[in-house]
Amino acid sequence: MGKPTGFLEYKREYMPERDPLARTGDWQDLYLPLPEHKLREQGARCMDCAVPFCQTGEWIDGSLVGCPINNLIPEWNDLVYRNQWKEALDRLLRTNNFPEFTGRACPAPCEGSCVLGLNDSAVTIKTIEQAIIDKGFAEGWIVPQPPLRRSGKQVAVVGSGPAGLACADQLNKAGHRVTVYERHDRIGGLLTYGIPKTKISQDIVERRIQLMREEGIEFVTGVEIGRDVPLESLRSGFDAVILCIGATEPRDLPLKGRDLNGIHFAMEFLHKNTKSLLDSGLKDGQYLSAEGKDVVVIGGGDTATDCITTALRHRCRSLVQFDIYPQKPSARSADNPWPMWPVVYKTDSGHKEAKAVFGKDPREFAVSAVEFLGDEHGNVTGVRSVKLNARKDEKGNWIREEIPGSEQVWPAQLVLLAIGFRGPEANLLRKMGIETNEKTLIATKKGRYETNIPGVFAAGDARRGQSLIVWAIREGREAAEACDRFLRNAR
């Protein structure tokens with residue numbers, strides 16, 4: 001695939017980044033597109049490898065290898081190199097409903113498993129993916145394609161995040177009438193309110209939603225199933241229901257002082273900011289402002305980085321991020337071989353911006369919060385932390401021991417908890433009568449998507465736990481296939 005000697009002739013080129021300091025003054029895209037001739041060169045780097053692990057989508061020793069939706073990566077890399085963009089788009093859309101989302105916000109496990117990555121920089125798969133779909137929209141190749149025939153069956157999809165949208169898209173293509181219910185005022189779920197607009201601008205989301213509307217999918221906002229409408233009523237009005245409600249129950253940090261004002265879950269901070277941004281450009285003030293405040297972000301994942309990105313644009317006074325894990329190595333360790341996902345030290349866009357603003361990376365590794373400090377008015381004023389001696393035992397489990405004398409107090413008027421999610425909201429599931437498993441996720445039989453209620457399915461983070469957009473798309477597609485079989489057998 002690609003040019004036989006391309007990987008020898010061309011070096012990897014990244015999408016040009018806008019200046020980290022300058023971009024903190026707006027909410028525009030972080031990156032600039034690569035010129036088309038550069039994209040073709042990057043496609044030429046794709047090797048004619050015997051086994052393209054990039055598209056595997058399997059687990060090896062607990063580590064994801066390749067793309068979970070089995071994107072036909074070598075094929076569309078080759079087509080881009082040969083300047084056959086429309087054909088590349090056709091191949092891309094065979095496996096991925098929304099390349100414009102994954103091309104912007106996926107961490108690209110495919111690149112971690114690229115054969116070229118064994119001794120050189122991996123092929124820039126994610127950049128090429130985004131370029132293909134963007135060109136498809138720009139050239140007018142992507143047009144509404146409603147199904148030629150309708151099955152007479154009606155399906156309700158609850159939740160409009162990537163899993164719900166992928167599920168709705170697949171079921172609509174199969175000829176079923178689909179209605180998507182979203183409890184918030186805008187469609188998109190995580191894509192709209194969970195990811196800063198610097199990564200996925202709202203016009204990208206709305207462009208796709210409009211296309212789906214024109215293909216016959218109905219969207220209903222401001223309605224929460226289980227509260228506004230009982231699941232029983234939905235079940236009686238539709239032939240099947242699919243729950244794609246996400247894993248929105250945040251993990252808490254029950255330390256002394258947790259009830260102080262100014263301590264918030266990360267998603268509350270991100271959601272309110274984006275809603276105010278989209279409603280009024282932040283002019284309505286209906287958000288949690290970090291302006292002029294010392295901000296402490298607790299957590300080491302993507303959500304924590306999104307909090308950093310947002311707080312910087314509010315013009316916070318200082319910023320620190322606690323990560324309980326030690327700093328990762330600069331290269332793969334012996335127990336993290338290719339083609340596993342490379343567990344190595346990386347600097348995300350938010351960290352680069354923080355360094356540009358404050359002169360240093362905001363992360364403090366192997367550090368844990370132990371107490372929240374406050375004033376006489378009940379407002380948070382600081383966080384007491386301790387350094388950790390973190391190591392793995394013989395079974396690979398983390399052992400963390402506090403280092404005596406390492407306590408430190410950090411000033412803070414805003415603390416953001418970004419330490420993950422427990423699962424879907426338990427009260428909502430109880431109202432619906434949906435059974436959960438030991439992980440508090442919606443229970444389904446192994447390899448299946450139907451819940452304990454016949455005709456009610458589940459997919460996405462609500463079923464498998466907090467994960468990537470690309471996993472949500474896979475879940476949505478597979479749940480749609482299971483639901484389609486159910487509907488056809490019910491005739």
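The values are calculated or read from the model by the stated rules, or taken from the named source; none is laboratory data. Note that the structure is a prediction, hence the values are computed from the model and not measured. When we count neighbours, we look across all protein chains shown, and the Cβ atoms used for this are built from the backbone with ideal geometry, even at glycine. Side chains included, ligands, DNA and RNA excluded: accessible areas come from the protein's heavy atoms. Shrake-Rupley method; radii C 1.70, N 1.55, O 1.52, S 1.80 Å.
Summary table
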{"quantity": "Rotationally averaged projected area of segment 182-310 (alpha carbon convex hull; nm²)", "calculated": "10.3"}
{"quantity": "Unmatched cysteines, the chain - criterion: no other Cβ of a Cys under 4.7 angstrom", "calculated": "46, 49, 106, 114, 167, 244, 307, 316, 483"}
{"quantity": "In order through segment 425-431: 3J(HN,Hα) via Karplus (6.51 cos²θ - 1.76 cosθ + 1.60), integer Hz, x for Gly, Pro", "calculated": "5, 4, 4, 5, 5, 4, 4"}
{"quantity": "Phi-based couplings in Hz for segment 348-353 (Karplus 6.51, -1.76, 1.60; Gly and Pro marked x)", "calculated": "7, 4, x, 5, 5, 5"}
{"quantity": "The chain, dipole about Cα centre (Lys/Arg Cβ +1, Asp/Glu Cβ -1), debye to the nearest 20", "calculated": "660"}
{"quantity": "With DNA, RNA and ligands ignored, accessible area of residue 275 (1.4 Å probe; Å², nearest 10)", "calculated": "70"}
{"quantity": "Under Karplus coefficients 6.51, -1.76 and 1.60, residue-wise ³J(HN,Hα) of segment 123-134 in Hz, glycine/proline x", "calculated": "4, 7, 4, 4, 5, 5, 4, 4, 5, 5, 5, 5"}
{"quantity": "Carbon and sulfur %, accessible surface of segment 1-111 computed with the full protein complex present, 1.4 Å", "calculated": "54"}
{"quantity": "Relative contact order for the chain, counting Cα pairs under 8 Å that sit 6 or more residues apart, in percent", "calculated": "16"}
{"quantity": "Ellipsoid equivalent to segment 1-89 - semi-axes via the Cα gyration tensor, in Å", "calculated": "27, 20, 13"}
{"quantity": "Inter-label distance, nm, simple model (7 Å from Cα along the C-beta direction), residue 467/residue 376", "calculated": "5.3"}
{"quantity": "Spread of Cα-to-Cα distances over 10 Å intervals beginning at zero, given as percent, for segment 166-229", "calculated": "20, 48, 29, 2"}
{"quantity": "Dimensionless Rg over Rh [the chain; C-alpha; Kirkwood]", "calculated": "0.96"}
{"quantity": "Under-5 Å amide H pairs with residue 60, H placed in peptide plane, nonlocal only", "calculated": "65"}
{"quantity": "Highest to lowest packing among 406-419, 432-445, scored as the average C-beta count within 10 Å", "calculated": "406-419, 432-445"}
{"quantity": "Within-10-Å neighbourhood charge of residue 455 [Cβ basis; K, R +1; D, E -1]", "calculated": "-1"}
{"quantity": "D_trans [Stokes-Einstein, Kirkwood Rh over alpha-carbon pairs] for segment 336-491, 4 °C, 1.567 mPa s, µm² s⁻¹", "calculated": "64"}
{"quantity": "Å² of accessible area per residue within segment 288-429, as computed with a 1.4 Å probe and no ligands counted", "calculated": "47"}
{"quantity": "Cross-link table 352/387; 256/355; 126/283; 256/446, entries beyond 29 Å C-alpha to C-alpha", "calculated": "256/355; 126/283; 256/446"}
{"quantity": "Residue 46 long-range amide H proximity, modeled H, under 5 Å", "calculated": "3"}
{"quantity": "Helix-only mean residue ellipticity at 222 nm for the chain, each DSSP H run of n ≥ 4 adding -39500 (n - 2.57), per residue, nearest 500", "calculated": "-9500 deg cm²/dmol"}
{"quantity": "Dipole-positive endmost among 201, 245, 180 within segment 147-260 (Cβ charges, Cα centre)", "calculated": "201"}
{"quantity": "Segments 283-291, 242-250, 100-108 sorted - mean Cβ within 10 Å per residue, highest first", "calculated": "242-250, 100-108, 283-291"}
{"quantity": "Rg(Cα)/(2.2 N^0.38 Å) for segment 131-256, N = residue count", "calculated": "1.18"}
{"quantity": "Charge sum, other residues only, whose C-beta stays under 15 Å from residue 338's C-beta, Lys/Arg counted +1 and Asp/Glu -1", "calculated": "-4"}
{"quantity": "Long-range HN-HN contacts of residue 294 with modeled amide H, under 5 Å", "calculated": "317, 318, 413, 414"}
{"quantity": "Per-peptide average of other Cβ atoms within 10 Å, ordering 34-42, 9-17, 397-405, 111-119 highest first", "calculated": "111-119, 34-42, 9-17, 397-405"}
{"quantity": "Cα-based Kirkwood hydrodynamic radius, segment 239-344, one decimal, Å", "calculated": "16.7"}
{"quantity": "Overall form of segment 378-469 per C-alpha gyration tensor (a/c, 1.5; a/b vs b/c)", "calculated": "oblate"}
{"quantity": "Accessible area (Å², per residue) of segment 156-211, counting only protein heavy atoms and a probe of 1.4 Å", "calculated": "24"}
